[in-house]
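Below is one structure; the comments refer to it alone.
The values are calculated or read from the model by the stated rules, or taken from the named source; none is laboratory data. As the structure is a computational prediction, the values presented were derived from the model and not from experiment. In this analysis, Cβ positions are derived from the backbone assuming ideal geometry, glycine residues included, and neighbour counts consider all displayed protein chains. Surface areas here come from the heavy atoms of the whole protein model, side chains and all, with no ligands, DNA or RNA. Shrake-Rupley method; radii C 1.70, N 1.55, O 1.52, S 1.80 Å.
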Amino acid sequence: MSPSPLSPGKLPAALLTALLAQDVPTDPRVLIGPRVGEDAAVIDMGDRLLIAKSDPITFATDAIGHYAVTVNANDIAVMGGTPRWFLATLLLPETRTTTTLVQDIFTQVRQACRDLDITLVGGHTEITVGLDRPILSGHMLGEVTRERLVTSAGVQVGDAILLTKGFPVEGVAIMARERATQLAAQGHAPSDIARWQQFLFRPGISVVQDAQVLQLAVEVHAMHDPTEGGVATGLWELAQASGVGLHIMAHQLPVLSEGALLCQAFGLDPLGTIASGALLAAVPAAQAAHAIDACAEAGIACYRIGTAVADAAALVLHAGTETRPLPMFTRDEILTIFQ
């Protein structure tokens with residue numbers, strides 16, 4: 001009997017962990033190699049560290065150039081680094097590719113790089129057999145000084161867990177952009193749909209500024225970019241990377257009203273919906289209030305959503321008098337809208 005095919009989305013964490021365990025880097029300059037929960041690799045280049053990241057855009061079909069630059073830059077920033085150089089592998093469908101389509105994607109990449117002071121340094125383009133839509137895989141290089149490096153594995157017992165902006169910012173943008181016709185048929189006003197589509201830019205899916213503000217304001221022990229699988233998956237990855245448990249307060253989770261509305265419209269759980277635009281951070285509890293104030297001064301909403309605890313098995317969600325396990329999502333909730 002042949003094995004069942006895996007579901008779309010991230011590989012199961014246990015499978016990925018087992019696969020990566022077979023490839024332990026032997027180069028001593030690789031300070032952080034492939035591991036579950038870390039956002040990028042780190043390589044010792046002498047006077048500074050090189051951060052390397054690769055991430056494709058697979059859910060969205062619109063504005064993929066902006067998505068690719070931004071989400072890859074995010075993963076450099078959450079490690080304390082500055083995104084510098086971008087490479088793009090652009091695969092285009094053989095029956096739908098036009099000069100206009102290609103020009104639009106390049107314009108998006110160019111503008112997103114300009115916005116973040118990133119240089120496009122190379123990549124690859126081709127028209128590929130078997131695709132029904134463009135796929136853009138981004139590759140970002142950045143740099144950081146040794147003392148400013150932050151990893152997902154740095155959460156300490158007692159740390160306050162912070163979340164910026166709210167969620168799911170990217171989920172709202174994708175639902176409004178990919179399913180505008182369905183939303184209109186449900187009776188939503190065109191002006192509302194247009195506003196939700198702009199969530200890609202306002203409040204936006206970049207967390208580069210969020211990470212920079214926090215690092216300048218307080219001692220940051222860990223940061224993580226909750227993307228595919230939503231905030232819940234991001235919290236699980238943060239906890240597993242650090243070997244700690246998390247007590248999360250449900251009433252303090254900043255679910256955006258637009259996110260709640262659209263998730264309800266399509267039957268999604270916001271906690272498991274793709275959440276780029278939010279930043280998870282662990283800071284000393286005594287510095288949490290200052291971190292929140294510093295973000296507010298920069299125009300960024302920031303919320304204390306929980307606390308790190310010693311029991312690594314205790315990943316729980318407190319809702320009033322009820323305590324339940326923090327939900328796990330084997331695949332991102334956003335996939336439901338594509339079925």
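The table for this structure:
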| read-out | value |
| --- | --- |
| Single match in 39, 23 (criterion: under 24 Å from residue 154 (Cβ atoms), modelled with pLDDT under 95, open to solvent by 70 Å² or more (accessible area, probe 1.4 Å) and of a type in the set (Asp, Glu)) | 23 |
| Pairs with Cβ under 6 Å, 6+ apart, first in the range 113-131 and touching a residue at least 40 places away in the same chain (Cβ under 8 Å) and under 18 Å from residue 103 (Cβ atoms), second among the polar types (S, T, N, Q) and buried (at least 16 other Cβ atoms within 10 Å of the Cβ) | none |
| Count of residues meeting criterion [over 22 Å from residue 173 (Cα atoms) and assigned to a loop (DSSP other than H, G, I, E, B)] in the range 317-329 | 5 |
| Long-range neighbours under 9 Å by Cβ, at least six apart or interchain, first residue assigned to a helix (DSSP H, G or I) within the range 293-311, second surrounded by fewer than 18 Cβ atoms within 10 Å (Cβ to Cβ) | 294/216; 295/301 |
| Test for residue 305: is it out of contact with any Gly (no Cβ under 8 Å at 6 or more places or on another chain) and either buried (at least 19 other Cβ atoms within 10 Å of the Cβ) or within 20 Å of residue 202 (Cα to Cα) (or both) | yes |
| Tally of residues being open to solvent by 30 Å² or more (accessible area, probe 1.4 Å) and touching a residue at least 40 places away in the same chain (Cβ under 8 Å) across the range 202-216 | 6 |
| Segments classed as strands (runs of 3 or more DSSP E), wholly inside the range 96-193, with at least 2 members that are open to solvent by less than 10 Å² (accessible area, probe 1.4 Å), under 30 Å from residue 220 (Cα atoms) and modelled with pLDDT of 95 or more | 135-144, 160-164 |
| Residue that is least open to solvent (accessible area, probe 1.4 Å), among those in the range 224-246 that are out of contact with any strand residue (DSSP E or B) (no Cβ under 9 Å at 6 or more places or on another chain) and part of a loop (DSSP other than H, G, I, E, B) | 229 |
| Number of the exception - residue 325 against (1) surrounded by 17 or more Cβ atoms within 10 Å (Cβ to Cβ); (2) without any contact (Cβ under 8 Å) to a residue 12 or more places away in the chain | (1) |
